[in-house]
Structures are given as C-alpha cells and as structure tokens.
Ligand SMILES: C[S@@+](CC[C@H](N)C(=O)[O-])C[C@H]1O[C@@H](n2cnc3c(N)ncnc32)[C@H](O)[C@@H]1O
C-alpha cells in the first residue's frame, strides 16, 4: 500500500543515520572553535571574518566559510553589517571553561585514535588505544593539552560527589590515606579537610602528579596541601605502602577483568590485614544473566569505556565478586550515595 505521507520510515531512518555520522564533523567544528579561541576573540565586540582572519593570521575565505558553519550550529550569529557575534552557546566554549576542556580531550586525536579502531576492539578485545600502539593513559602523558584537559574535567566531575562522600563515610579516624589513581587530588584534599589529623598520599602517573603539584594549591587550603605526599608511579607495577585507608575512585571502570584482578591483588599484597579499601564507581544494573541491562546510556558508557581504556561498567554483584575473589571482604555497599547522571556508588571493602 502506498504511503500517505512524503516521509517513509526508511527515509526517516536514513535521515537519523545521516545526522549520526555527520556528528563527527560538528564535533571537530566545535574543537576548532575552541582551539582558535573564537569565543574569546568575539567576547568584547562582534567582528567580521576579515578582522578575525587578520587577528588569527588565518585564511580569509576559509574563515568566512567556517563562521557560516558555526552560525549553522548557533555558536555565532551574523549581524547586518557583516560581523559575527558570539552566542550564549558559543560563549560556553570560551578558553578555560569546563566545556572547552571537555571538547579539547573528548574530540582530540587521542580519543579519536581509539574510536577509529572500534572494529578491531570488537575483534581483539583490546582497547582502541592499545590496538593503535599505546594505551590512552600513556598517550595522555605524551600529549599534555589533551591529558591536562582530561584531568581538569575528571576533577570537576569528581567534585560533585565529595560533599555526599564525606557525609556518608566518616574519614576522621584515619591516619594515612592513599588515593590510588587520584588525578589532581580533588577527592584526597576534600577527604583530608574532613579528617584534620590525617595525612594523604596522592598516587598517579608521573605527568599527572606534576600537574597536581601546580593545580592542587589553587583549589585546596594550604593546611591540606601541606599534609599531602605526591607520589608518581604506575599502579600496574606497585602501589604505595603504609596506608590505613586506600581509595579507588573511577579506576575499576577503566580496566579489564584481568587488569582489575591484578590491581586488587597488588593492593591485597601491600595493605595490612584489616585495612579498608573504598571504591567509588558507577554500577550497571544487576541482571541474573549478564550483570547488566544493556540499555541506553549504560550500554554506550560501557562500550565506550572498553573502546577507550579496555574497561566496562560492572554491576554491584560483579564488584562484590571481583573483590571477594581477590581476598577482600565487602563490609558495606551504598548505592547511589550521590545522585548524578550516573549515580555514584560506594563500596567499603576490607583486606
Ligand atoms: C578516570 S581518572 C580518575 C581520577 C580520580 N580518581 C577521580 O576520580 O577524579 C583515572 C586516573 O587513573 C590514572 N591512571 C591511569 N593509569 C594509571 C597507572 N598505571 N598508574 C597510576 N595511575 C593511573 C589516570 O592518570 C587518571 O588520573
């Protein structure tokens, strides 16, 4: 039977697919908008394509075409006098903003290099970075614009759950807290504020620790920074000893079952009997068959973690199993202690 409307289901599906595959171009348009600092250059007043091209030593014709494309994405808006003004949306991408940092790493060559290899990820089970020859975290150590932007965004994401974390768990009795893969120290510094007698060890890859030495004093009180020992290294080789609490936030999700088992084994070998291990991470919904619902953003988030890092989202049941297999007991699980897009969960395990 003939369709009564001009849009057939096949046409509508093709239009959706067109939009999806064109997304990589608009993503790169946004990245160029950030890298060329267009929002900064238009902050004071609207400017023409010629003026912007002069200011940026750019090609005038390409700049005009680029600004028209940015107009189509509502990043700028043209005026009757041939100038362009930055829109509210474009202003969100000014230099130093959280969204600009996000675009710089998430649309950067490191992540794209991993995405290019999705078919090989499926064939081999390796992360996209490894297929391309270097794990993404190693890559970030050699490409600091992307590596720094990643750590900045991670730090902001983490900040969101910290008031809830120090409410749901009492940190005041600990003496030496080791944050493994602690990034810029956002979690450790907040926890040390809640535990005024404790000292902390911030452990991460050497390039991240160098970043943290500079950035931590910009957001943490001096009395907290003074109590932090900075330790660069790889948790794939060893972890610092002597802690009476160890924390792992957003670490397990990044790694394969084999890598997680090795990391937990290393922690188990290093920690004294009875020492607690706090894990803050995302959960996939439990299901009897596969440990997850496979639905919507969980499925995308999980496969994206695999593509980028070799990891995946795990259900609460899977966390409990990998911990007990590694020799830890699970004392307490507080699901969704800090509600966000992916609600944060807390597991208190014990060596
Ligand atoms: C997703 S981020 C989480 C950072 C921090 N825990 C947070 O939640 O804000 C993962 C962290 O693990 C660190 N990391 C990755 N591989 C590592 C390794 N082999 N040794 C130490 N740290 C590592 C990364 O540099 C990064 O800071």
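The values are calculated or read from the model by the stated rules, or taken from the named source; none is laboratory data. In this text, all values refer to a predicted model and were calculated from it rather than measured experimentally. Heads up, the Cβs are rebuilt from the backbone with ideal geometry, glycines too, and the neighbour counts pull from every protein chain shown.
Which condition does residue 158 not pass, out of (1) within 15 Å of the ligand (Cβ to nearest atom); (2) assigned by TED's automatic domain parsing to the domain that holds residue 238; (3) modelled with pLDDT of 95 or more; (4) within 28 Å of residue 335 (Cβ to Cβ), if it passes all the others?
Condition not satisfied by residue 158: (3).
Here are the criteria: (1) surrounded by fewer than 23 Cβ atoms within 10 Å (Cβ to Cβ); (2) touching a residue at least 40 places away in the same chain (Cβ under 8 Å). Tell me which single one residue 238 does not satisfy.
Going through (1) surrounded by fewer than 23 Cβ atoms within 10 Å (Cβ to Cβ); (2) touching a residue at least 40 places away in the same chain (Cβ under 8 Å) one by one, residue 238 breaks only (2).
Test residue 117 against the stated conditions and say whether it is touching a residue at least 12 places away in the same chain (Cβ under 8 Å), surrounded by 15 or more Cβ atoms within 10 Å (Cβ to Cβ) and either closer than 30 Å to residue 186 by Cα or within 16 Å of the ligand (Cβ to nearest atom) (or both).
It is false that residue 117 is touching a residue at least 12 places away in the same chain (Cβ under 8 Å), surrounded by 15 or more Cβ atoms within 10 Å (Cβ to Cβ) and either closer than 30 Å to residue 186 by Cα or within 16 Å of the ligand (Cβ to nearest atom) (or both).
Just one of 239, 191, 201 is within 9 Å of the ligand (Cβ to nearest atom) and either within 24 Å of the chain's Cα centre (by Cα) or not in a loop (DSSP other than H, G, I, E, B) (or both); which is it? I'd like the intermediate steps shown before the answer.
Working: 191 fails: within 9 Å of the ligand (Cβ to nearest atom); 201 fails: within 9 Å of the ligand (Cβ to nearest atom).
That would be 239, the only listed residue that is within 9 Å of the ligand (Cβ to nearest atom) and either within 24 Å of the chain's Cα centre (by Cα) or not in a loop (DSSP other than H, G, I, E, B) (or both).
What are the pairs, 6+ residues apart or on separate chains, where a residue within the stretch 255-268 that is assigned by TED's automatic domain parsing to the domain that holds residue 321 and at pLDDT below 95 has its Cβ under 6 Å from a residue that is part of a helix (DSSP H, G or I) and surrounded by 16 or more Cβ atoms within 10 Å (Cβ to Cβ)?
So the pair list comes out empty.
With respect to residue 75, is the statement that it is surrounded by 15 or more Cβ atoms within 10 Å (Cβ to Cβ), in contact with a helix residue (DSSP H, G or I) (Cβ under 7 Å, 6 or more places away or on another chain) and closer than 15 Å to residue 103 by Cβ true?
Numbers: surrounded by 15 or more Cβ atoms within 10 Å (Cβ to Cβ): yes; in contact with a helix residue (DSSP H, G or I) (Cβ under 7 Å, 6 or more places away or on another chain): yes; closer than 15 Å to residue 103 by Cβ: yes.
So residue 75 passes the test.
Can you tell me how many residues in the stretch 219-233 are within 14 Å of the ligand (Cβ to nearest atom) and surrounded by fewer than 14 Cβ atoms within 10 Å (Cβ to Cβ)?
Here the count works out to 0.
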